[in-house]
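A.B. asks: Handing you this structure, nothing more for now.
The values are calculated or read from the model by the stated rules, or taken from the named source; none is laboratory data. None of these values were measured; they are calculated from a predicted model. Every residue, glycine among them, receives a Cβ derived from its backbone with ideal geometry; neighbour counts consider all protein chains shown.
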Amino acid sequence: MSVPDRLSSFLLVHDADYDFQPHRHSRGSSDSAHAAHVPPHQLAKAVVLEDEAGCVMAVVPADRYVRLGRVSQLLARQHLRLADENRIAALFPDCERGAVPALGMAWGLETVVDDELENLSVVYIECGDHERLLRLEHRQFHALMRQARHGQFSGLRIH
């Protein structure tokens, strides 16, 4: 699968500098990080949330989870919940399931970014398929996420 047109256009409009990190076929963000030999903390995972007002994308490191209450508080929305797979597939028809890029703005979604991603020298993002990641230097990731809200809303996964 090629890079979705919306993602390509978004990166072009923002004059983004990035590289591709190919990897064996994966099944989700944690598996992608492992397959690409990337620390899970450096992979920005897209989590789509919804309520009666619509959808929002929360972006957290792949080794963390979204604390719904904190995102709700940050956005002043009371009933946010995880969007189901069919809803996500409808929002991102040009992406493989489980490989949604953490740049919701490219699809017109309000996006919030967890502060855990702010101090990383390199951030990786799914690019719409299960065989490549986008590699962004800190400066570039920060520039792309400039219009997104930022806050502390993730928790560390304990395995």
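A.B. asks: Suppose we filter ALA89, ALA106 for residues that are surrounded by fewer than 17 Cβ atoms within 10 Å (Cβ to Cβ) and not in a loop (DSSP other than H, G, I, E, B); which single one remains? Reasoning before the result, please.
C.D. replies: Details: ALA106 fails: surrounded by fewer than 17 Cβ atoms within 10 Å (Cβ to Cβ).
Within the list ALA89, ALA106, the selection yields ALA89.
A.B. asks: Could you tell me how many of the residues in the stretch 92-103 are in contact with a helix residue (DSSP H, G or I) (Cβ under 7 Å, 6 or more places away or on another chain) and surrounded by fewer than 19 Cβ atoms within 10 Å (Cβ to Cβ)?
C.D. replies: 2
A.B. asks: May I ask you to verify whether ARG81 is surrounded by fewer than 23 Cβ atoms within 10 Å (Cβ to Cβ), in contact (Cβ under 8 Å) with a residue 60 or more places away in the chain and among the basic types (Lys, Arg)?
C.D. replies: Considered against the rule, which asks whether it is surrounded by fewer than 23 Cβ atoms within 10 Å (Cβ to Cβ), in contact (Cβ under 8 Å) with a residue 60 or more places away in the chain and among the basic types (Lys, Arg), ARG81 comes out as no.
A.B. asks: Looking only at residues that are touching a Phe, Trp or Tyr at 6+ places or on another chain (Cβ under 8 Å) and part of a strand (DSSP E or B) in the stretch 109-121, which one is farthest from MET57 (Cα to Cα)?
C.D. replies: Checking each candidate, the answer is ASP114.
Here's the yes/no breakdown for (1) buried (at least 18 other Cβ atoms within 10 Å of the Cβ); (2) assigned to a strand (DSSP E or B):
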residue	(1), (2)
ASP17	no, no
GLN21	yes, yes
ARG24	no, no
ARG27	no, no
SER30	no, no
VAL38	yes, no
LYS45	yes, yes
VAL60	yes, yes
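A.B. asks: List pairs: first residue in the stretch 37-63 and without any contact (Cβ under 8 Å) to a residue 24 or more places away in the chain, second residue surrounded by 19 or more Cβ atoms within 10 Å (Cβ to Cβ) and not hydroxyl-bearing (Ser, Thr, Tyr) anywhere in the structure, Cβ distance under 6 angstrom, at least six positions apart or on different chains.
C.D. replies: That search, which allows pairs on different chains as well, returns PRO40/ALA33; PRO40/ALA62; PRO40/ASP63.
A.B. asks: Quickly run through the stretch 49-66 and pick out the residues that are more than 17 Å from ALA89 (Cα to Cα) and not aromatic (Phe, Trp, Tyr).
C.D. replies: Result: GLU52, ALA53, VAL59, VAL60, PRO61, ALA62, ASP63, ARG64, VAL66.
A.B. asks: Give just the number: which of (1) at pLDDT 95 or above; (2) closer than 22 Å to PRO93 by Cα; (3) touching a strand residue (DSSP E or B) at 6+ places or on another chain (Cβ under 7 Å) does SER29 not satisfy?
C.D. replies: Evaluating SER29 over (1) at pLDDT 95 or above; (2) closer than 22 Å to PRO93 by Cα; (3) touching a strand residue (DSSP E or B) at 6+ places or on another chain (Cβ under 7 Å) leaves (1) as the failure.
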